[in-house]
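What follows is a short report on a single structure.
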Amino acid sequence: MSSQPNRLPWIIGAVVLIFFVFLCSIAVIGGAALIPFMVVRDVPAEVAGATVVVRPQTPENAAAPTPAPVPSLPPLDASDDQDTAIYTRVYEFANPSIVAVRTLDADAAEQAPDIEPFFFDTGEGSGFVIDTQGHIVTNFHVVEGAGKVVVQFSDGAQAPAEIVGSDRDSDLAVIKIDPEGFDLRPLPIGEIDDLKVGSRVIVIGNPFGNANTLTTGIISALGRQINLPNSQFTLPEVIQTDAAINPGNSGGPMLNADGEVIGVAFMLQSESGTNAGIGFGIPAYFVERVARAIIASGAYQHPWLGVRGQSISPFVSRELNLPVERGVLVVEAIPDGPAEKAGVQGGGEEVEVEGFPFTIGGDIITAIDGQPITIFDDLLAYLSRYTEPGQQVTLTIMRDGETVDLTITLEPRPETIGQ
C-alpha cells in the first residue's frame, strides 16, 4: 500500500509569504509618499511656498496658550435697568439738597406773630441748596408777599428762613437758613449748551405738599419765550418738559442724568391747573447770575438795550421787500434808552402780513458783538447770558440797504417802561 505526500503546510506557507511581501510593499510605498510632507514642515516658509504655515516648535515644558475670552454682555438685573439706575442715583445724590418751602403771608404773620409756618401755611413751593452758607434758591412767586418762611429737608429737619432778595423778571429768589447743625450739600449747576431735545429730565420737589417727590420726562423743547405775570419783560431760553410739574414744584430743580441743575421749575401750562405734560424751567445760567448777585448785594440788575422788536422770517422778508431774510425789526427805540442814545431808529409804518401787524421803516438788527441774530429771542438770550450793565456791545444793523455798526453802553433795566 502506497501513501500521498501532505501538501497543506506548503500551501499555507506560500499564502503567508505572499501576504508578508504584500504588506512590505505597502509600507515602502506609504513611507515614500510621506517623506515629502515631513520634509516640507522643516523648510523655511519662503521655500515651502505661500500655502504652507511653518509653526515654531514648542518646548515640551511650555504651557499651552490661553485662548482669548469671548466678549459677552453682563447679565441684566431686571430690577436695576438703566433708567432705574440713573433715577435712583440722581435721587439719592440730590434729594438731601432739596427742600420744601412753606410760607405764611404778611397779613397772617402780622395777625398771628407767634405762628410759624411749620404746620400751618398759606403757600408752598420747593427750593435747593446752592452753597454751604445756608443759601437756598426758590421762585420769586413762592415767597412773594411772605411774612414768614420755613424749609424742610428730606430727613424731616426744619428751619426758619429769611428772604435775602428776589428778582421778579427771572422769577428767582434766594432765602437763607442758619447753616449750623446742617450738612448742606450744594447742587452743581449744568451747562445749557449741553442740553438737547429728548434728553432726560428729573424733577424733585413738593407737589401739592408731597415733599421729596421725583417725576421724570424729557426735554420737549428749548428756547421758549415766556411772558411772566406782572412783568413787562420776556424770559428767554426757557426749557419745556413733559416731566410732571404741579403746584408746589415751583422753585425745585430740574436735573440732568448727572444730577446737575439745568433749570428751575416755575410754570405749567394747563387748563385744569395741574400737570398736562407741558411744564417749564428757568435756564440754569440765571441761577448762577441772579442768585450770586442777590447773595452779594441783595438784588440783580438786568442789562438793558432799550428796544422793542419783531422777528422776521424769509416769508415776511419777501412780503415786505426787506433787504435781509433774518433779523429783528426795531419797532421802537425806547426814549432815552441806551439804543436810542446810540442812534438806533425805530419804525413808523404799520403794515400787515397774513393778518399779523408789523412795524417797518426802522433798523433791522442782524448781529450783536459779531453773533448772528435771527430772531428776537437770540438778542434777549445774548444779553441775559453774556452782558451786564455798563458793558459796551456792538450792534450790527441794516439801514437803507447798508450795514452799520453801532456801539451801545448797556444800562440797568428799569422796573417798568412807559407804554
Task: Matching residues in the stretch 100-131 - criterion: being surrounded by 15 or more Cβ atoms within 10 Å (Cβ to Cβ), without any contact (Cβ under 8 Å) to a residue 60 or more places away in the chain and not in a loop (DSSP other than H, G, I, E, B) - done: Arg102, Thr103, Leu104, Asp105, Ala108, Ala109, Gly123, Val129
- [ ] Name every residue in the stretch 175-219 that is more than 24 Å from the chain's Cα centre (by Cα) and either under 28 Å from Gly298 (Cα atoms) or among the hydrophobic types (A, V, I, L, M, F, W, C) (or both), in order of residue number.
- [x] Ile175, Lys176, Ile177, Asp178, Pro179, Glu180, Gly181, Phe182, Asp183, Leu184, Phe208, Ala211
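Condition check ((1) hydrophobic (A, V, I, L, M, F, W, C); (2) farther than 16 Å from Ser126 by Cα; (3) surrounded by 22 or more Cβ atoms within 10 Å (Cβ to Cβ)) across all residues:
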| residue | (1), (2), (3) |
| --- | --- |
| Ile192 | yes, yes, no |
| Gln225 | no, yes, no |
| Thr234 | no, yes, no |
| Gly252 | no, no, yes |
Open item on the list: Would you confirm whether or not the stretch 141-153 contains a residue that is more than 24 Å from Pro113 (Cα to Cα) and either small (Gly, Ala, Ser) or part of a strand (DSSP E or B) (or both)?
Closed with: no
Task: Phe280 surrounded by 15 or more Cβ atoms within 10 Å (Cβ to Cβ) and over 30 Å from Pro338 (Cα atoms) - done: yes
Task: Close pairs from the stretch 193-220: first outside the structural domain of Ile136 (by TED's automatic domain parsing) and at pLDDT 95 or above, partner among the basic types (Lys, Arg) and part of a loop (DSSP other than H, G, I, E, B), Cβ under 9 Å, at least 6 apart - done: Ile219/Lys196
Task: Among (1) touching a His at 6+ places or on another chain (Cβ under 9 Å); (2) farther than 27 Å from Tyr91 by Cβ - the single one Gln225 does not satisfy - done: (1)
TODO: Scan the stretch 341-355 residue by residue and report those that are touching a strand residue (DSSP E or B) at 6+ places or on another chain (Cβ under 9 Å) and either at positive phi or part of a strand (DSSP E or B) (or both).
DONE: Gly343, Glu349, Glu350, Val351, Glu352
- [ ] Out of Thr403, Thr394, report the one residue that is closer than 23 Å to Leu320 by Cα and not hydrophobic (A, V, I, L, M, F, W, C).
- [x] Thr403
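So that you can scan it fast, the table gives a plain yes or no per residue for (1) surrounded by 14 or more Cβ atoms within 10 Å (Cβ to Cβ); (2) touching a residue at least 40 places away in the same chain (Cβ under 8 Å); (3) acidic (Asp, Glu); (4) farther than 21 Å from Phe315 by Cα:
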{"site": "Val331", "(1), (2), (3), (4)": "yes, no, no, no"}
{"site": "Ala339", "(1), (2), (3), (4)": "yes, yes, no, yes"}
{"site": "Ala342", "(1), (2), (3), (4)": "yes, yes, no, yes"}
{"site": "Glu352", "(1), (2), (3), (4)": "no, no, yes, no"}
{"site": "Gly355", "(1), (2), (3), (4)": "no, no, no, no"}
{"site": "Phe358", "(1), (2), (3), (4)": "yes, yes, no, no"}
{"site": "Ile365", "(1), (2), (3), (4)": "yes, yes, no, no"}
{"site": "Phe376", "(1), (2), (3), (4)": "yes, yes, no, no"}
{"site": "Leu379", "(1), (2), (3), (4)": "yes, yes, no, no"}
TODO: Could you tell me which numbered condition Gly306 fails, if it satisfies all but one of (1) at pLDDT 90 or above; (2) on the phi < 0 side of the Ramachandran plot; (3) buried (at least 18 other Cβ atoms within 10 Å of the Cβ)?
DONE: (2)
- [ ] Considering only residues that are of a type outside the set (A, V, I, L, M, F, W, C) and touching a helix residue (DSSP H, G or I) at 6+ places or on another chain (Cβ under 6 Å), look in the stretch 178-201 and name the one that is farthest from Gly134 (Cα to Cα).
- [x] Gly190
TODO: Please tell me if Gln371 is out of contact with any Lys or Arg (no Cβ under 6 Å at 6 or more places or on another chain), within 27 Å of Leu222 (Cβ to Cβ) and surrounded by fewer than 17 Cβ atoms within 10 Å (Cβ to Cβ).
DONE: yes
Open item on the list: If I filter the stretch 407-414 for residues that are assigned to a strand (DSSP E or B), within 35 Å of the chain's Cα centre (by Cα) and surrounded by fewer than 13 Cβ atoms within 10 Å (Cβ to Cβ), do I get at least one hit?
Closed with: yes
Open item on the list: Residues to consider are Ile262, Ile295, Ile282; find the one that is within 22 Å of Lys176 (Cα to Cα) and in a helix (DSSP H, G or I).
Closed with: Ile295
TODO: Look at Thr396 and say whether it is touching a residue at least 12 places away in the same chain (Cβ under 8 Å), out of contact with any Pro (no Cβ under 6 Å at 6 or more places or on another chain), surrounded by 14 or more Cβ atoms within 10 Å (Cβ to Cβ) and part of a strand (DSSP E or B).
DONE: yes
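The values are calculated or read from the model by the stated rules, or taken from the named source; none is laboratory data. In this text the structure is predicted, and so the values were computed from the model without any measurement. All Cβ positions, even for glycine, are placed from backbone atoms using ideal geometry, and neighbour counts span all protein chains on display.
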